[in-house]
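Worksheet: one structure, shown below.
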Amino acid sequence: LYFSGHKISKACAMSKEETESFLQQEINATISPENQYEYYISQVISKAMEYEEYGVTQLITQCFERNGILNTYKFVMYPLLVRLGLMWRQDSLCPSQEHFLSSVFRQKLYAAIDNCPPSKKGAQKWLLFLPEDEDHDIGLLLASYLLRAAGKQVIYLSAKVPLFALKNTIAATAPEKLLFFMT
C-alpha cells in the first residue's frame, strides 16, 4: 500500500475489506490491454495454480517463439509475477505456486542462455550478481541472456553473493561492468 502512494497511517487504518478491495484493484491494473499477452498471463496462472508444468512450459515456449524472449519477459512474465505477488498478498495463491512458476521461468531462461553462442575472446566482460540479502534472480537471468545474445562475456554469480566473495571475484576476473539488482 505504501509503495502505491498510501501513507502508512492510512494503510494501517484500513479494514480487511478495504485492503482486499485495494488489492483487487491492483490485480485488475495488471491486466494487459493487449489480448495476446493477457491470454498467456491468464493461462499460465491457471496452469500454475494446478502445478501443471507441461502446460506452463508449452505456453512460455510458444510465447517466446511468437514474441521473442524480451517481449515475453516485459509483457507476460514480469506482469504475471507482479500479479502473483498481489494474489499472494490477497491469499488467493500460496507461496509454493509462486515458487513453482518462478522455477519454470528460470528453467526457460537457463535454456535460452544455454543456446547463446560462447563469447569471443576479448568481448566485454560483465559480472552479474545479487547482493547478500537479495534472492529474486529472474531479472538477472534475463540480463544474462541479453548480454550473452549481444556477444558479451558474462560471469553470473546468481543470488545472495557475500561481499568478500564479490571482492575476490572482481580481483580474479577484472570485469569491465558490474550489474546487480537490489530492492
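The values are calculated or read from the model by the stated rules, or taken from the named source; none is laboratory data. Note that the structure is a prediction, hence the values are computed from the model and not measured. Note that each Cβ is placed from the backbone with ideal geometry, even for glycine, and that neighbours are counted across all protein chains shown. SASA here: full protein model, heavy atoms, side chains in, ligands and nucleic acids out. Shrake-Rupley method; radii C 1.70, N 1.55, O 1.52, S 1.80 Å.
Below is a table of values for the structure above.
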item: Between 0 and 90°, nearest 10: helix 78-89 axis offset from the chain longest Cα axis; result: 50 degrees
item: Per-selection Rg to Rh, the chain - Cα, Kirkwood hydrodynamic radius; result: 1.03
item: Cα-based helix-to-principal-axis angle, 95-114 vs the chain, degrees rounded to 10; result: 30 degrees
item: Over the chain: helical MRE at 222 nm, DSSP H runs n ≥ 4 each giving -39500 (n - 2.57), nearest 500; result: -19500 deg cm²/dmol
item: Residue among 93, 141, 131 farthest towards the positive dipole end of the stretch 63-183, charges placed on Cβ; result: 141
item: 0 to 90° range, to nearest 10: angle between helix 53-72 axis and the chain longest Cα axis; result: 70 degrees
item: Cα shape, the stretch 113-183, gyration tensor, a/c 1.5 rule; result: oblate
item: Antiparallel bridge percentage (DSSP; both residues within the chain; nearest 5); result: 0 percent
item: Magnitude of the charge dipole, the stretch 112-183, Cβ model with Lys/Arg +1 and Asp/Glu -1, debye to 20; result: 500 debye
item: Probe 1.4 Å, accessible area per residue of the stretch 40-135, Å²; result: 52 Å²
item: Candidate lysines for bridging to residue 167, where Cα separation is under 19 Å - those fewer than 8 sequence places away on the same chain excluded; result: 125, 177
item: Sulfur and carbon atoms: percent of accessible area, the chain [1.4 Å]; result: 55 percent
item: The stretch 62-183, dipole about Cα centre (Lys/Arg Cβ +1, Asp/Glu Cβ -1), debye to the nearest 20; result: 540 debye
